[in-house]
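Remarks on the structure that follows.
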Amino acid sequence: MIRASNAIRPAATAIVALGLACLGCRPAPPSISADVMAMMAGGDDAGFARVTAPEPLAFPASEGPHPTYRTEWWYYTGNLRATEPRAGGRRFGFQLTFFRSALTPASDVDARDSLWGTNQAYLAHFAVTDVEAGAFHSAERLARGAAGLAGATADPFRAWLETWSASRIGGPDQPVRLVAADGPVAIDLTLRPTKPPVGHGDAGYSVKGPEPGNASMYFSYSRLAATGTVTTADGAFAVEGGAWHDHEWSTSALSAGQVGWDWFSLQLDDGRDLMVFRIREADGGIAPTSSGSQIAADGTVRHLTVDDFTLDPRGRWTSPRTGGEYPAAWRIDIPSADLELDVQPLVADQELSTAFRYWEGAVAVEGSSAGRPIGGEGYLEMTGYVPTGEGRR
C-alpha cells in the first residue's frame, strides 16, 4: 500500500504497464513511466479525476474501485502466531496487496466487442515472513482487469487477481477472507473488524504535496482479528493474530524533489493504533505534509501533523541483492501523547523481490507511554533506498 501513506505506494501503474504486453494485451501507452518517482509525481493527468477536497466516505461503496482515478490500492498486512502447541508460538507476518491502475482516463477506451477490452490493469504483491526461520518469501502477479482475470467490486466487496483474492463475507461490518499461494507458501485467513473504519487526514482527505490534487482519499481498518492458516515449506500452521487494512485512491501524490517515504502501521498493547509516515525530500528534508493518525481504543481518531511526531532512523541494513541501504530500526516520539516507541524488524531482510524493490515487513514495538512500559507490533514500509537502476535486478 505504496507508502508515505499508502497514497504513494510502489509503482502500481508502472509495473502493471510493463507487464501488459506479455499478457497478450494491447501495449501500454508510452506516456506511462517506468520510473516510480516520476510516475507518482503524476505525469499527464488530463482527464483523470483528482482528489482536491474531502469526499464523503460511504460504505460499502468506498471499499470498492474508483476507476476514474489513475491509481488505487487495497493493502492487508498483519502479525500472526501459531496456535497449535507443537508449533511453540511460531510467528509470521503477511502482506497481500492489490493495485489498480487506469491506463487511460476514458471509461470506454475500446469500441471492440471484446472480452479483453478494458483500460484497467491490476498488480498484486504477496509476502510471508517466517520469523523463527528467519525467512521471507515474496511474489508478484500482473493481469488486466478483463476476462475475469482481475478486478474489484464494492457490494459485495472483492478484489482479486487470478487465484489471489480478498472477499468480504456478508455486509460492510462482516469478515474478509484472504487467499493467496505461491509455491510452498500460502495464506487462508479470515479478518474480522474490531474497530470501525477511520479516515486519515481530513476525514479521509490525505494531502501529500502543496500542489492542488497531490492528495488521496485514504481510510483504514486499523484493527482486525485474524484467524486461519499459514503454509510454508515446513507445513500448514493454524494461526491467529492482528491485521490492518488500508484502502487509498488518487491520481497523483508526490511533488518534484520528493524521493521516498517511510510508513508505519502499529497496534499497541493498550488498544491504541498508530499510522505515521514521512516523505523524504532530495535535499535531506522532510515534507511538511508528512502526517499520521492516532486511533484510540474506542476508535476515535486524532490527526497528527509533521510537528506532532519525530521518526528517527537507527543503524543500517544493506540489501545483498540491490545494494539498497535501509534504516535497521526506528525511534518514534509523540510528545503530546507522552509516547516513545522503538520499532525493530522481526527479520532484517524483508525486501520484496518484485519488479520494483522496496522494504515492507513485520516489526515489533517496545517503549513507554506516560512513563509506563508498552509494547506492540505492526508493519513498516520503506521506499526510495535502492540506488537508481538497481530496483529491478
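Looking at TYR385, TYR379, which is the one that is under 21 Å from LEU304 (Cβ atoms) and either of a type in the set (Phe, Trp, Tyr) or assigned to a loop (DSSP other than H, G, I, E, B) (or both)?
TYR379
Quick check, is PRO373 modelled with pLDDT of 95 or more and surrounded by fewer than 17 Cβ atoms within 10 Å (Cβ to Cβ)?
Considered against the rule, which asks whether it is modelled with pLDDT of 95 or more and surrounded by fewer than 17 Cβ atoms within 10 Å (Cβ to Cβ), PRO373 comes out as yes.
Out of the residues in the range 59-80 meeting the condition of being hydrophobic (A, V, I, L, M, F, W, C) and at pLDDT 95 or above, tell me which one is nearest to ALA166 (Cα to Cα).
TRP74
Suppose we filter the range 46-59 for residues that are surrounded by 16 or more Cβ atoms within 10 Å (Cβ to Cβ) and under 21 Å from PHE98 (Cα atoms); how many remain? Spell out the reasoning first.
Of all residues in the range 46-59, those surrounded by 16 or more Cβ atoms within 10 Å (Cβ to Cβ) come to 48-51, 55, 57, 59.
Checking the rest, the ones that are also under 21 Å from PHE98 (Cα atoms) come to 48-51, 57, 59.
So the count comes out to 6.
Among the residues of the range 249-274, count how many are over 29 Å from GLU366 (Cβ atoms) and in a strand (DSSP E or B).
Residues in the range 249-274 being over 29 Å from GLU366 (Cβ atoms) and in a strand (DSSP E or B): 5 in total.
Please count how many residues of the range 228-253 are of a type in the set (Gly, Ala, Ser) and within 24 Å of GLN267 (Cα to Cα).
Residues in the range 228-253 being of a type in the set (Gly, Ala, Ser) and within 24 Å of GLN267 (Cα to Cα): 5 in total.
Of all residues in the range 339-376, which are in a strand (DSSP E or B), of a type in the set (D, E, K, R) and under 24 Å from ALA139 (Cα atoms)?
If the condition is that a residue be in a strand (DSSP E or B), of a type in the set (D, E, K, R) and under 24 Å from ALA139 (Cα atoms), then GLU351, GLU360 are the ones that fit.
In this structure, does PHE237 turn out to be crowded, with 17+ Cβ neighbours inside 10 Å and over 20 Å from the mean Cα position of the chain (by Cα)?
When the stated conditions are applied, PHE237 passes them.
Please verify whether the range 81-93 includes one or more residues that are of a type in the set (D, E, K, R), assigned to a strand (DSSP E or B), surrounded by 20 or more Cβ atoms within 10 Å (Cβ to Cβ) and at pLDDT below 95.
No.
Considering only strands (runs of 3 or more DSSP E) fully contained in the range 275-336, which possess at least 1 residues that are modelled with pLDDT of 95 or more and closer than 26 Å to LEU352 by Cβ?
So the answer is 291-295, 310-318, 325-334.
Any chance you could count how many residues in the range 137-150 are of a type outside the set (Lys, Arg), part of a strand (DSSP E or B) and surrounded by fewer than 22 Cβ atoms within 10 Å (Cβ to Cβ)?
Residues in the range 137-150 being of a type outside the set (Lys, Arg), part of a strand (DSSP E or B) and surrounded by fewer than 22 Cβ atoms within 10 Å (Cβ to Cβ): 4 in total.
Let me confirm something: among ALA4, ALA14, which residue is modelled with pLDDT under 50 and either over 29 Å from SER265 (Cα atoms) or part of a loop (DSSP other than H, G, I, E, B) (or both)?
ALA4
Which one is farthest from ALA370 (Cα to Cα) among residues in the range 302-336 that are surrounded by fewer than 17 Cβ atoms within 10 Å (Cβ to Cβ) and among the small types (Gly, Ala, Ser)?
Taking the candidates together, the pick is GLY323.
The values are calculated or read from the model by the stated rules, or taken from the named source; none is laboratory data. This is a predicted model, so every value here is computed, not measured. Here Cβ is always computed from backbone atoms with ideal geometry, including for glycine, and neighbour counts include all displayed protein chains.
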